[in-house]
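Every number in this text was worked out from the coordinates using simple rules, so none of it is lab data. These numbers come from a predicted model, not from an experiment. Virtual Cβ from ideal backbone geometry, glycine too; neighbours counted across all protein chains shown.
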């Protein structure tokens, strides 16, 4: 293949990998151990000159391009003026502009306030702080398969043990987990029925008057790109409004045009009390935010929110450049075009592999896997295809969770970056840059299809 000059990883990447062993803590993993030298829309170029098709966007970060011209220009202009003062010491206009944009763009036309942080986990942690302070309540409700971060509190909010929580406890208390709407595994439950199941548990195990907030990803990310059944999110939102619990939408992976609208909550007209954002907000620079109802956000005392680097001026400049790119290039429409191009191909691939019957396999933990409730174990290699916009996924049929790993490795060897996810490790997710050229997207999907067919054989 002309894009690849060497086998992956190449000799220069191998040299760097050897240096890494003596420099970087071994607890930090890498999906594909090639070392990147440069990038362009839809491509990563490694130190050996190999050009890899990027269907991961740094986990939904570089949707506007890598680097996006408007982001690069804004960063250069800002860094030449000043790099940092700390907004809590001497503020600057860029922070205000980002907050104004977030207040305008997030769901709902009510009066809002925003506060800026460094990472998605930090945003989620602060949303919980704000909810507890504003309501005077302590309990936080989260969902099965959820992922919210790696800090102590957000590890407690995250569902999956390995690798995110294992050995890192004890965790923060007053966290309560209820079932998510997961159509592939729900045995036919409607969104309303799945919401009723969750609400029943909240009322029985948490209490109507004790929940500070219900924290939910409108489409779950690391948990498997789980799209709840229609009606689930509105029913949860209605319960929150009725009981005084705050609805917090974790839009860290779904936000900023990724799902075909500015935010995934928009799909069913859900208006959260607070929205957490990060990842795609700043074109690769570290920035995150909590945006919420003015009366909720302003309930916290002066000095109760902040951080040394939160809303760094360079990151704010990058965010303004990224948001301008999203507007000018209508990247919500671009995400919908990606969905229109990819979903039919995935469905056709599922049909091609419909006669393949997986045999019992071995999971990455070394345990023989067994089917989960509500999961079809017949009818082909691919159990489910789901997602919205440029946030799409394939869940492979159990009981063979190693299939996703084998397919991903075949894609990586052919120079296509794809990511696995899911509680069971059997999902491959697609997060291409929203600006990826059509030919690169098609080539990447060709390679993915070949990888799946190779595994099926």
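Descriptive notes on the structure:
- What separates the Cα centres of the range 187-221 and the range 1-73 is a distance of 40 Å.
- Oblate is the label for the chain. Its Cα gyration tensor axes, ordered a ≥ b ≥ c, give a/c of at least 1.5 and b/c at or above a/b.
- Averaging the sequence gap over all C-alpha pairs within less than 8 Å and six or more residues apart, then dividing by the number of residues, gives the range 32-155 a relative contact order of 12 percent.
- The chain: calculated mean residue ellipticity at 222 nm from DSSP helix runs of at least 4, using -39500 (n - 2.57): -11000 deg cm²/dmol
- The range 161-229: C-alpha gyration tensor shape, a/c 1.5 cut-off, then a/b vs b/c: oblate
- Using the Cβ-Cβ distance between residue 6 and residue 341 with R0 set to 30 Å, the FRET efficiency from 1/(1 + (r/R0)^6) comes to roughly 0.50.
- Prolate/oblate/rounded label for the range 69-328 (Cα gyration tensor, a/c 1.5): prolate
- Considering all different alpha carbon pairs of the range 134-275, the Kirkwood hydrodynamic radius works out to 15.2 Å.
- Neighbour-count order for 439, 266, fewest beta carbons within 10 angstrom listed first: 439, 266
- Nitroxide proxy distance, nm - points 7 Å out along Cα→Cβ at residue 81 and residue 301: 3.5 nm
- The residue 111 and residue 15 beta-carbon pair, evaluated with R₀ = 45 Å, returns a calculated FRET efficiency of approximately 0.20.
- Across the range 107-203, the relative contact order, built from alpha-carbon pairs under 8 Å that are at least six residues apart, equals 22 percent.
- As a rough footprinting exposure proxy, the listed residues 88, 180 were ranked by other beta carbons within 10 Å of their own, and the order from fewest upward is 88, 180.
- Ordered from longest to shortest, the equivalent ellipsoid semi-axes for the range 204-322 are 26, 20, 11 Å, each the square root of 5 times a Cα gyration tensor eigenvalue.
- Packing rank of 286-294, 427-435, 334-342, where each peptide gets the mean count of other beta carbons within 10 Å, highest leading: 427-435, 286-294, 334-342
- Sequence of 144, 37 once ranked by neighbouring C-beta atoms within 10 Å, starting from the fewest: 37, 144
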